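*Asks:* Before I ask anything, let me first share the structure, which is written out below as C-alpha cells.
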Amino acid sequence: MSDKPGPADNSALDEHEHERSNSAAQPVQRGPEAAACAMGAKPAVILVRPQLGVNIGTAMRAMANFGLDELVLVAPREGWPNPHADAAASKAQDKMRRLEVRADVPAAIGEFNWVCATTARQRDLATPVLTPVQMMREAARRLAQGQRVAVLFGPERSGLTNDDIALVDATVMIPVRPDFASLNLGQAVLLIAYEWMRQAGEEASSLGRVSTYEKPRTSGFHAQTGAPATKAELMGFFEHLEGALDERGFLYPPEKRPNMVRNIRAMFSRMGITEPEVKTLRGIVAALVQGKGPWRRSP
C-alpha cells in the first residue's frame, strides 16, 4: 500500500512493522499550561509510529475540532517538528496544550492508568473489545476519578502490532463496513474525538463557527436570522397578499374564499416568519402585482 494521505490505513492492522523510525525522541512544543494542567480531565491521543507528517496534522485538526488537546507522538518516521504537519493542521497545533515525542510505546503510555488501542482486525489476545461509545463512557468515568486515559492509533500502513496491543487495557473497534474497514489516520482520530465530546456532554453551545460576523447558532428546523414578526406585521402581509389575490381572481369562487384564506394564513403562520422575511414577502407581492395580465389557473 502506498503512503498517500488519503487511503492510508490506520486500522487494517498488520502484525509486522513495515517502517522503522529515524527520529530521535525528544520533547517538543510543550504548551505553557502543560506543567500546571498535566492532569487535565480529557483523554490523550497517542499516534504510534506515524509515517506522514500530513496525517499528524489532520489528526491534530480533528482533535482541536472536538476539544482534545494532548498529543503524544511515538517515533514519527519523518521526524518532528514537521512542516507538512503544520500545514495540514490548519493552526490546530495552537490548540494543543501538550505535544510530546516519545521513543516507544512503553515510554508513551507510562504515565497513564487506562489505555485503549484502536484496531479493525480481530486479535488472538484476551483483551476487552469496546465500541467508541463504550470506550468513552468508561474513559469519562475513570477521568472523573482522577485517572489518566489515553487512546493509541497505529501507523498508517501497518497499524498497531500485537506487541503494542498486549500493553493496553482494551481495544476499540469503530463500526464500519466489514468488507472495507480501512480508515485514514485523521478520520479515525476524528471519530474517536467526536465521541469524546458527545459522551462527555461537552457539546458547544452553538453549531458551526462563531466569529466577528457569525453569531452562535443552535439546532432547529427553523433557523431564524432576525426577530420574529409581530402579529400586526403578519396581518399586514396577509391583507396585502389577499388583496392581490382577489384582484387577480385567485380566491374564487366566493363561497370557497374563507377556507382558502384560512389555509393560506395557517401556512404562513406556522413558518415562524421573521420581520425581515415579512418585508421580503411584501416586496414579492408588490412586484407581482405590477405585472401584466390576469392570473391564469392551471387546467
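The values are calculated or read from the model by the stated rules, or taken from the named source; none is laboratory data. Just so it is clear, the structure is predicted and the values come from calculations on it, not from any experiment. FYI the Cβ positions are ideal-geometry reconstructions off the backbone, even for glycines, and counts take in every protein chain you see.
*Asks:* Exactly one condition in (1) at pLDDT below 95; (2) in contact with a strand residue (DSSP E or B) (Cβ under 6 Å, 6 or more places away or on another chain) is not met by Phe153; state its number.
*Replies:* (1)
*Asks:* List the helices (runs of 4 or more DSSP H) inside region 161-253, counting only whole elements, that have at least 3 residues being closer than 30 Å to Arg282 by Cα and at pLDDT 70 or above. Walk me through how you get there before you give the answer.
*Replies:* Values: elements: 162-165, 185-199, 231-247.
In region 161-253, 231-247 are the helices (runs of 4 or more DSSP H) which contain 3 or more residues that are closer than 30 Å to Arg282 by Cα and at pLDDT 70 or above.
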